[in-house]
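So the structure is just underneath, and the comments pick up after that.
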Amino acid sequence: MRQRPRGDSRGILDPGRLLREMRFRRHLPAESLRQWVEHYWLIDWVLSAPFEQRVVPHPAVNVVFRRDDDGPESGEVAGVGRDLFRITLNGTGRVSGVQFRPGGFHPFWRRAVSELTGRRVPLPAGRLIHPDAPVGAGTFPGAPTSAASDDERCRALDTLLTAWQPEPDPMAAEAVRLAEAIRTDRSVLRVDDFAARHDVPVRRLQRLFLEYVGVGPKWVIRRYRLQEAVEQAAGGPLSWADLAADLGYSDQAHLVRDFTAVAGVSPAAYARSVS
């Protein structure tokens, strides 16, 4: 099990600017939650001008709590986003977020995670519940954005998620394991090859991912490879043709189309913007 949160900036467009404009950090959840939760992410900002952040979403569900200035806290479940996520922040505020591992939200939601894909579902004030929970289930003390320290904010999230009473599920564990294999192995380029490598029929793999991850395995492969392209583009000069071949694209033009469709700019334009 991972002993520290991921240190990469994968998916964040222009991470350098994000870190200059606001405080962003990641923390691991309680040990008992790490089989399902990737990390907690905390953001605090004091801005003199509006700031737009853009993110190429991971194939993961997030639970997000936000407070602007001295206003009330709001919470939502954000399903897997297919499109570029944009948000403009102003003034002062803070966010306490939970990024689940792909496949890891199902034990909390207890229904097909594909129901949430492309959606943002508000959470009842002071409660974190799954759709079939009895009234009053999942109550928790305190608000995750109100605590003063990072440790206190993380403990509030631990309490909140534990109160949701996730149920161990071997199918969820399999989905988490397979999605992690796609994320960490750049040689995974085709669904049929991946299914054969893990001795899983393609149709069963597709059903498993739709139920537990929220999107199909082909989409997950493409999204992780595209995030690799974003990371590479921010790292300096490279051969787009070679990168396209490495990431399993039929040609450079195919990579450019996918990159532009999701990131909103061409790879070359993005590379220039962060150089």
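The values are calculated or read from the model by the stated rules, or taken from the named source; none is laboratory data. Worth saying up front: this structure is predicted, and the values here are computed from it rather than measured. Because the Cβ atoms are built from the backbone with ideal geometry, glycine has one as well, and the counts that use them run over all protein chains shown. Each accessible area value is taken on the protein alone, full model and side chains, heavy atoms only, with ligands, DNA and RNA left out. Shrake-Rupley method; radii C 1.70, N 1.55, O 1.52, S 1.80 Å.
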Exercise for review: Read through the list (1) under 27 Å from A261 (Cβ atoms); (2) surrounded by 21 or more Cβ atoms within 10 Å (Cβ to Cβ), then give the number of the only condition that S96 fails.
Suggested key: (1)
Check your understanding: Which of (1) part of a loop (DSSP other than H, G, I, E, B); (2) within 19 Å of the chain's Cα centre (by Cα) is the odd one out, the single condition V220 does not satisfy?
Key -> (1)
Point to revise | Looking only at the range 246-266, and only at residues there that are open to solvent by 70 Å² or more (accessible area, probe 1.4 Å), free of Cβ contacts under 8 Å to residues at least 40 places away in the same chain and not polar (S, T, N, Q), the one that is farthest from V80 (Cα to Cα) | key: D251
**Study point:** Given (1) assigned by the TED database to the domain that holds F108; (2) more than 17 Å from F24 (Cα to Cα), number of the condition L178 does not satisfy
**Key:** (1)
Review point. Of all residues in the range 132-158 being under 21 Å from the mean Cα position of the chain (by Cα) and modelled with pLDDT under 90, which is farthest from V213 (Cα to Cα)?
Key: T145
Exercise for review: Run down E52, E73 and say which single residue is of a type in the set (D, E, K, R), open to solvent by 10 Å² or more (accessible area, probe 1.4 Å) and more than 28 Å from E228 (Cα to Cα).
Suggested key: E73
Point to revise | Residue check for Y270: surrounded by 20 or more Cβ atoms within 10 Å (Cβ to Cβ) and part of a loop (DSSP other than H, G, I, E, B) | key: no
Practice item. Find all pairs meeting these conditions: Cβ atoms under 9 angstrom apart; at least six residues apart or on different chains; first residue within the range 209-224 and open to solvent by 20 Å² or more (accessible area, probe 1.4 Å); second residue among the acidic types (D, E). Key: Y212/D169; Y212/E174; R222/D258
Revision key, fill the gap. Taking the range 225-235 and keeping only residues that are out of contact with any helix residue (DSSP H, G or I) (no Cβ under 8 Å at 6 or more places or on another chain) and without any contact (Cβ under 8 Å) to a residue 24 or more places away in the chain, one is left with G235
Review point. Quick one: which strands (runs of 3 or more DSSP E) sit completely within the range 1-100 and have at least 2 residues that are of a type outside the set (F, W, Y) and in contact with an Asp or Glu (Cβ under 9 Å, 6 or more places away or on another chain)?
Key: 23-27, 51-55, 62-68, 85-89, 92-100
Revision key, fill the gap. Scanning the range 91-114 for residues that are over 18 Å from L160 (Cβ atoms) and either under 14 Å from the mean Cα position of the chain (by Cα) or at pLDDT 95 or above (or both) gives G91, T92, G93, P102, G103, A112, V113, S114
Revision key, fill the gap. Taking the range 197-216 and keeping residues closer than 14 Å to T117 by Cα and part of a helix (DSSP H, G or I) leaves F209, L210, E211, Y212
Study note, to complete from the structure: Of (1) open to solvent by 20 Å² or more (accessible area, probe 1.4 Å); (2) on the phi < 0 side of the Ramachandran plot, D14 satisfies every one except (2)
Check your understanding: In the list Q232, Q227, which residue meets the criterion of being farther than 21 Å from V191 by Cα, under 20 Å from the mean Cα position of the chain (by Cα) and polar (S, T, N, Q)?
Key -> Q232
Revision key, fill the gap. Of (1) at pLDDT below 95; (2) outside the structural domain of D83 (by the TED database); (3) in a helix (DSSP H, G or I); (4) open to solvent by 60 Å² or more (accessible area, probe 1.4 Å), G235 satisfies every one except (3)
Check your understanding: Among the residues of the range 145-172, which ones are assigned to a helix (DSSP H, G or I), open to solvent by 60 Å² or more (accessible area, probe 1.4 Å) and either without any contact (Cβ under 8 Å) to a residue 12 or more places away in the chain or of a type in the set (A, V, I, L, M, F, W, C) (or both)?
Key -> D151, E152, R155, P170, M171
Practice item. Quickly run through the range 189-200 and pick out the residues that are at pLDDT 95 or above and open to solvent by less than 80 Å² (accessible area, probe 1.4 Å). Key: V191, D192, F194, A195, A196, H198, V200
